[in-house]
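*Asks:* Before I ask anything, let me first share the structure, which is written out below as structure tokens.
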Amino acid sequence: MPKIRTFTTTATAASTTATANSTATTTAIAALTCTALTLTLAACSSGGASAGKPTSGPIKIWYSNNAQEVSWGKATVASWNKAHPDQQVTGEEIPAGTSSEEVITAAIAAGNAPCLVFNGSPSAISGWVKQGGLVPLNDFSDGASYIEGRSGSAVASEYKSSDGKYYQLPWKSNPVMIFYNKDMFKAAGLDPDHPALATYADFDAAAQKLVGSGVAQYAIAPAPTNEFFQNWFDYYPLYIAESGGQPLVANGKATFDDAAGQAVADFWAGVYAKNQAPKEKYNGDAFADKKSAMAIVGPWAIASHQGKVNWGAVPVPTSAGMPADQIHTFADSKTVSVFTACNNRQSAWDFLKFATDQDNDGTLLSTTGQMPLRTDLPGVYASYFAAHPEYTLFAQQAGRTVEVPNVANGVTMWQDFRNGYLKSVVFGQQATSQWLHDAAGTVVSDVAK
């Protein structure tokens, strides 16, 4: 997996399991992070701005450490600093760690979080709120109105927390789809321009040809590892599609112990049983290395694979072959939050609005290929998509996405779900129907804690 997202990997294998629940590890990492980065006294202080009107002044931000986002971050910071000499922004790549969630959790615990992190995962927001690490964006007079004006009022259903407040600004999405290698498909006797991949039966037939002919070692190679986020790139997108747009949890109840959830579990169990996907971790990008003919990825993969793989993209399959313009998928979105360790919160909010205005969102799109979470994305940036038609399909898909549920203990919930998935679906040690039933109970228990 080629790019760094909210973890040290983007959409495929990471090398280690997230361990953000360890207080001892968290504290140690926080101390090392603060020392190694030689953070300013304000940034390393244990408290944030005092109650009252937010103040303005210098701030520190973190952004993701993939090359395209670093380029965007540096340019945006430089543009702001030129116009705001008394509110200088210091931008840094997020410190290395097992996952960004772990690093941010540690920074909150130590009181040395930056003012903004342009790499937040919605799954971690509830935990950071519980830590007391995030500022409600509703505290700013135009907080809610700016978020809903930029992204549409519908974002409230996915990005508002249970107390009715926004602790995250929906920033960008990477709607995941099926990438396929056109050259491999052609070599296997499959149509490289209009591949039959709409149904589970279609997918299986293509997989059998690809692997059986020896063209590809694997048809597809999602990471068979136990990081909590890995189900976002195998089970979850297909469940969202099969269910017509259901999240994993709705109104405090698990949704997946149903016909749609069963169909998806059995689909993936069949893929693994037929050795169409690896059961061991591949150290690298199996799609880029042409070990697999397909991958489930977002638009970030276009830049990563350009010139290396002759690729095409189609929506994820459904059991009956749902029309492409009706298929929903996983958003893989990133959000931005203001942290309570920040002393100059008004500058943080003003910079956040600046960084996510129409011009800077356009620059983000052109620099990274990732989709700003704005209303009418294809219309707002029509000239870009006209010049880059390969991104148009993802822009259209961006209007039909589902995020991870904004629930308490989201990381724990996904970790428990992942552990059961590996046991049942990947390694066949438990019937899928039993796993789904057990997982539904565990998920409800996790989010109720």
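*Asks:* Anything in the stretch 162-184 that is more than 26 Å from residue 315 (Cα to Cα) and in contact with a Leu (Cβ under 9 Å, 6 or more places away or on another chain)? List them, or say none. If you could, list the steps in order and put the result at the bottom.
*Replies:* Going residue by residue through the stretch 162-184, those that are more than 26 Å from residue 315 (Cα to Cα) are 162-169.
Answer for the stretch 162-184, where residues must be more than 26 Å from residue 315 (Cα to Cα) and in contact with a Leu (Cβ under 9 Å, 6 or more places away or on another chain): 165, 166, 167, 168, 169.
*Asks:* Which residues, counting only those in the stretch 285-304, are surrounded by fewer than 19 Cβ atoms within 10 Å (Cβ to Cβ) and not hydrophobic (A, V, I, L, M, F, W, C)?
*Replies:* Result: 289, 290, 291.
*Asks:* Next question. Residue under question is residue 92, and the condition is that it be buried (at least 17 other Cβ atoms within 10 Å of the Cβ), in contact with a Pro (Cβ under 9 Å, 6 or more places away or on another chain) and more than 24 Å from residue 302 (Cβ to Cβ); does it hold?
*Replies:* Details: buried (at least 17 other Cβ atoms within 10 Å of the Cβ): no; in contact with a Pro (Cβ under 9 Å, 6 or more places away or on another chain): yes; more than 24 Å from residue 302 (Cβ to Cβ): yes.
Criteria not met by residue 92.
*Asks:* Let me ask something additional. I'd like to check something: does the stretch 167-187 contain any residue that is of a type in the set (A, V, I, L, M), more than 27 Å from the chain's Cα centre (by Cα) and farther than 23 Å from residue 303 by Cα?
*Replies:* First, pick out the residues of the stretch 167-187 that are of a type in the set (A, V, I, L, M): 169, 176-178, 184, 187.
From what's left, more than 27 Å from the chain's Cα centre (by Cα): 184, 187.
Now drop any that are not farther than 23 Å from residue 303 by Cα, which leaves 187.
Yes.
*Asks:* Please go through the stretch 232-271 and give me each residue that is basic (Lys, Arg) and buried (at least 22 other Cβ atoms within 10 Å of the Cβ), ordered by number.
*Replies:* First, the residues of the stretch 232-271 that are basic (Lys, Arg): 253.
Listed by number, the list is empty, since nothing qualifies.
*Asks:* Could I ask something else about it? Is it true that residue 203 is closer than 29 Å to residue 408 by Cα and touching a residue at least 12 places away in the same chain (Cβ under 8 Å)? Break it down into steps so the answer makes sense when it comes.
*Replies:* Values: closer than 29 Å to residue 408 by Cα: no; touching a residue at least 12 places away in the same chain (Cβ under 8 Å): yes.
For residue 203, the condition - closer than 29 Å to residue 408 by Cα and touching a residue at least 12 places away in the same chain (Cβ under 8 Å) - is not met.
*Asks:* Starting from residues that are of a type outside the set (Ser, Thr, Tyr) and under 24 Å from the mean Cα position of the chain (by Cα), keep the ones in the stretch 272-284 and report whichever is surrounded by the most Cβ atoms within 10 Å (Cβ to Cβ).
*Replies:* First pass over the stretch 272-284, keeping only residues of a type outside the set (Ser, Thr, Tyr): 273-281, 283-284.
Going one step further and asking which of them are under 24 Å from the mean Cα position of the chain (by Cα), we end up with 277-281, 283-284.
On the way: 277: 23, 278: 20, 279: 11, 280: 7, 281: 14, 283: 9, 284: 14.
The residue in question is 277.
*Asks:* Another question, then. Among the residues of the stretch 340-398, what is the count of those that are small (Gly, Ala, Ser), surrounded by 18 or more Cβ atoms within 10 Å (Cβ to Cβ) and at pLDDT 95 or above?
*Replies:* The first filter runs over the stretch 340-398 and keeps only residues small (Gly, Ala, Ser), leaving 341, 347-348, 355, 362, 366, 369, 379, 382-383, 386-387, 395, 398.
Still in the running and surrounded by 18 or more Cβ atoms within 10 Å (Cβ to Cβ): 341, 347-348, 355, 369, 395, 398.
Of the ones still in play, those that are also at pLDDT 95 or above are 341, 347-348, 355.
Residues flagged as small (Gly, Ala, Ser), surrounded by 18 or more Cβ atoms within 10 Å (Cβ to Cβ) and at pLDDT 95 or above within the stretch 340-398 amount to 4.
*Asks:* A further question follows. Restrict the check to the stretch 82-94 and report whether at least one residue is touching a residue at least 12 places away in the same chain (Cβ under 8 Å) and closer than 28 Å to residue 412 by Cβ.
*Replies:* yes
*Asks:* Evaluate the following for residue 330: is it surrounded by 18 or more Cβ atoms within 10 Å (Cβ to Cβ), modelled with pLDDT under 95 and touching a Phe, Trp or Tyr at 6+ places or on another chain (Cβ under 9 Å)? I'd like the intermediate steps shown before the answer.
*Replies:* Details: surrounded by 18 or more Cβ atoms within 10 Å (Cβ to Cβ): yes; modelled with pLDDT under 95: no; touching a Phe, Trp or Tyr at 6+ places or on another chain (Cβ under 9 Å): yes.
No; evaluated as a whole, the condition is false for this residue.
*Asks:* Here is a follow-up. Could you check how many residues of the stretch 85-103 are farther than 24 Å from residue 367 by Cα and at pLDDT 95 or above?
*Replies:* Total satisfying the criteria: 3.
*Asks:* Condition first: part of a strand (DSSP E or B) and small (Gly, Ala, Ser). Now tell me which residues in the stretch 84-100 satisfy that. First the steps, then the outcome.
*Replies:* Filtering the stretch 84-100 for residues part of a strand (DSSP E or B) gives 89-93, 99.
Within the stretch 84-100, 91, 99 meet the criteria.
*Asks:* Let me ask something else about it. I need a count of the residues in the stretch 130-143 that are at pLDDT 95 or above and part of a helix (DSSP H, G or I).
*Replies:* Count: 4.
*Asks:* I want to confirm something. Restricting to the stretch 133-172 and keeping residues that are in contact (Cβ under 8 Å) with a residue 12 or more places away in the chain, of a type in the set (Gly, Ala, Ser) and within 19 Å of residue 346 (Cα to Cα), which single residue is surrounded by the fewest Cβ atoms within 10 Å (Cβ to Cβ)?
*Replies:* 144
The values are calculated or read from the model by the stated rules, or taken from the named source; none is laboratory data. These numbers were taken from a predicted model, which means no experiment stands behind them. Every residue, glycine among them, receives a Cβ derived from its backbone with ideal geometry; neighbour counts consider all protein chains shown.
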